[in-house]
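Shown next, in structure tokens, is the structure this report addresses.
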Amino acid sequence: MRALVPGLPTPHPLIQRLPAVYGDQDFLRRFLEALDEVLAPVLLTLDNLPAYLHPRTAPEDFVAWLAEWVSVEVDADRPATQRRAVVSGAVVRHRRRGTRLGLAAAVRVETGTEPEIEESGSTAWSASPAAELPGSAQPWVRVRLRVPEPEAVDRVRLEGLIAAEVPAHVTYRVEILPPAEATGGGGAP
């Protein structure tokens, strides 16, 4: 929270805004100095407002507030850099939500690992009107995550994230595996 900061200098002393004739009055000078002390945090905040509204430069307590503005949840137990990244990329992720790119970005931000994503959707072009439709009738997504320590990944949290990112009618499956070279195979199973 922004509050009184003892000894914070004001960028715009009120006594300097008055005609010089009032500068000699001790009571008025002390009264305006007290107001300056109260107003200094407000004036400095307003002078630096653009910095408060950008996730990279905002004070820590403002990052959660900015997250509410862009409709994302930031977990307080995550590192500050990850919370700031979530807020910074929120608008772009909202635009891609429900797509393969959006799902990959959300998993990447959450885990720091690039996921392998397979899905049932497909597109095709055909010159004949009776051509077979691409993809499968039942929509599904498989998210495969290859990490050095599969047991260290919070599976429940990851599944909650994926459930929130894929469209409601799409079923999903999560696979958390060691890196491909550790399993002895070179390609995806």
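The values are calculated or read from the model by the stated rules, or taken from the named source; none is laboratory data. Remember, predicted model here, so these are calculated numbers, not experimental data. Methodologically, a virtual Cβ is constructed for each residue, glycine included, from the backbone with ideal geometry; neighbour enumeration extends over all protein chains shown. Please note that ligands, DNA and RNA were not included when accessible areas were found on the heavy atoms of the full protein model with its side chains. Shrake-Rupley method; radii C 1.70, N 1.55, O 1.52, S 1.80 Å.
Brief remarks follow.
- Taking a Cβ cut-off of under 13 Å around Arg78, the surrounding Lys, Arg, Asp and Glu residues balance to a net charge of -3, with basic ones at +1 and acidic ones at -1.
- Working note: 222 nm ellipticity from helices only, DSSP H runs with n ≥ 4, each -39,500 (n - 2.57), summed and divided by the residues of the chain, gives -12000 deg cm²/dmol to the nearest 500.
- In loop segments of the range 1-64 as defined by DSSP, the trypsin sites (Lys or Arg not before Pro) with at most 16 further C-beta atoms inside 10 Å of their C-beta are Arg2, Arg56.
- Rounded FRET efficiency, nearest 0.05, which uses the C-beta distance separating Val91 from Glu60 and R0 of 25 Å: 0.75
- The loop-placed GluC sites (Glu not before Pro) in the range 88-120, going by DSSP, include none that has at most 11 neighbouring Cβ atoms within 10 Å of its Cβ.
- Averaging the Cα positions of each part gives two centres, and for the range 115-152 and the range 4-21 these lie 65 Å apart.
- Highest-fluctuation residue, Gly112, Gly102, Gly121 considered, GNM on the chain with Cα pairs under 10 Å: Gly121
- Average accessible surface for the range 76-170: 63 Å² per residue, computed with a 1.4 Å probe over protein heavy atoms with every protein chain in place.
- A DSSP coil position with no more than 15 other Cβ atoms inside 10 Å describes none of the trypsin sites (Lys or Arg not before Pro) in the range 118-169.
- Rolling a 1.4 angstrom probe over the chain with all protein chains present gives an accessible area of which 59% lies on carbon and sulfur atoms.
- Shape call, the range 129-178: gyration tensor on alpha carbons, a/c limit 1.5: oblate
- Three-way shape label, the range 72-189, alpha-carbon gyration tensor, a/c 1.5: oblate
- Result for the chain in a Gaussian network model with C-alpha springs under 10 Å: among Ala124, Ala164, Ala67, the largest mean-square fluctuation is at Ala124.
- Prolate/oblate/rounded label for the range 24-78 (Cα gyration tensor, a/c 1.5): prolate
- Total formal charge among the other residues, if their Cβ is under 12 angstrom from that of Glu159, Lys/Arg +1 and Asp/Glu -1: -1
- The antiparallel fraction among DSSP beta bridges confined to the chain stands at about 35%.
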